[in-house]
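Engineer: Take this structure, written in structure tokens, and hold onto it; I'll ask about it next.
The values are calculated or read from the model by the stated rules, or taken from the named source; none is laboratory data. Treat the numbers as computed from the prediction; the structure is a model and nothing was measured. Here the Cβ is made from the backbone with ideal geometry for all residues, glycine too, and neighbour counts use every protein chain on show.
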Amino acid sequence: MAVIKRKPESCVASKPKEPRAPTLHDELVDRACRWLKGSCGCSVAVGELRAFTGSGETPDALGWRSEYSILVECKTSRADFLADRKKPFRMKPSMGVGTYRFYMCPPGVIEPEDLPEGWGLLHLEKNRVRRVVGPQGNIWTHGDNLRFANPRNQDAEIAMLVSAMRRIS
């Protein structure tokens, strides 16, 4: 067994960190959560929830309605979007979360032709979220909207819900 001796000054509490200014990504995540709760009618929406899921996915925003879930991945640059495509849960969609999946970004970062099959696209334009591609109407579980429904990792979603509940109880 190793014993580590620390100098007394290292045991002194450090100064509290200065709050950092919100980034564009922070703004996108906040808007995504508000969009999920408002426009999508999600009963629960969480942003940047970290939970052990086995897949390693950390959604930017995830919301649940009674019959399905909605994922929103926020991207501030094209490079970030291209890197996201290489993640294991993107390459094998059944490992990922969200029955319905969207990318949210400022206009010009992602175009409709860039999207993986079954994904929607949201643009944050000034103070409004515009659905560029995705299911239409209030009920997404029928007709042409089904082309946006994805297989999902329900075990990972349950782990995320439990993690969220643990934080508030």
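Engineer: In this structure, is ARG20 touching a residue at least 40 places away in the same chain (Cβ under 8 Å), outside any strand (DSSP E or B) and not acidic (Asp, Glu)?
Structural biologist: No: the conditions fail for ARG20.
Engineer: Follow-up. Residues of region 33-54 being modelled with pLDDT under 80 and of a type in the set (S, T, N, Q), which ones?
Structural biologist: Scanning region 33-54 gives a single hit, THR53.
Engineer: A follow-up question, please. For region 138-145, does any single residue satisfy the condition of being assigned to a strand (DSSP E or B), surrounded by 11 or more Cβ atoms within 10 Å (Cβ to Cβ) and within 20 Å of the chain's Cα centre (by Cα)?
Structural biologist: Step one: filter region 138-145 for residues assigned to a strand (DSSP E or B), giving none.
The answer is no, given that none of the residues of region 138-145 is assigned to a strand (DSSP E or B), surrounded by 11 or more Cβ atoms within 10 Å (Cβ to Cβ) and within 20 Å of the chain's Cα centre (by Cα).
Engineer: Only one residue in LEU115, LEU146, LEU124 is touching a residue at least 40 places away in the same chain (Cβ under 8 Å) and not polar (S, T, N, Q). Which one? So that I can check it myself, show each step before the final result.
Structural biologist: Working: LEU115 fails: touching a residue at least 40 places away in the same chain (Cβ under 8 Å); LEU146 fails: touching a residue at least 40 places away in the same chain (Cβ under 8 Å).
Within the list LEU115, LEU146, LEU124, the selection yields LEU124.
Engineer: When the residues of region 62-76 are narrowed to those that are in a strand (DSSP E or B) and touching a residue at least 40 places away in the same chain (Cβ under 8 Å), which ends up surrounded by the most Cβ atoms within 10 Å (Cβ to Cβ)? Walk me through how you get there before you give the answer.
Structural biologist: Filtering region 62-76 for residues in a strand (DSSP E or B) gives 62-64, 69-74.
Filter once more, keeping what is touching a residue at least 40 places away in the same chain (Cβ under 8 Å): 62, 64, 69, 72, 74.
Numbers: LEU62: 30, TRP64: 20, SER69: 23, VAL72: 28, CYS74: 25.
My answer is LEU62.
Engineer: Sticking with this one: Scan region 77-118 for residues that are of a type in the set (Phe, Trp, Tyr) and under 19 Å from GLY56 (Cβ atoms) and jot them down.
Structural biologist: Initially, region 77-118 is screened for residues of a type in the set (Phe, Trp, Tyr), giving 81, 89, 100, 102-103.
Within region 77-118, PHE81, PHE89, TYR103 qualify.
Engineer: Pull up region 146-169, narrow it to residues that are under 17 Å from SER66 (Cβ atoms) and not in a helix (DSSP H, G or I), then point me to the one that is modelled with the highest pLDDT.
Structural biologist: Applying the filter and picking the extreme gives ALA149.
Engineer: Okay, next question. Of all residues being of a type in the set (Gly, Ala, Ser) and in contact with a helix residue (DSSP H, G or I) (Cβ under 9 Å, 6 or more places away or on another chain) in region 88-107, which is farthest from LEU28 (Cα to Cα)? Just the residue, please.
Structural biologist: Of region 88-107, the ones of a type in the set (Gly, Ala, Ser) are 94, 96, 98.
With in contact with a helix residue (DSSP H, G or I) (Cβ under 9 Å, 6 or more places away or on another chain) added as a condition, the list becomes 96, 98.
Numbers: GLY96: 20, GLY98: 18 Å.
Ranking the qualifying residues of region 88-107, first place goes to GLY96.
Engineer: Something else: If I ask for residues that are among the hydrophobic types (A, V, I, L, M, F, W, C) and part of a loop (DSSP other than H, G, I, E, B), which ones from region 44-61 would you list?
Structural biologist: Across region 44-61, the qualifying residues are LEU49, ALA51, PHE52.
Engineer: Here's a check for you: in region 93-132, which residue that is farther than 20 Å from LYS37 by Cβ and small (Gly, Ala, Ser) is surrounded by the fewest Cβ atoms within 10 Å (Cβ to Cβ)?
Structural biologist: By that ranking, first place goes to GLY108.
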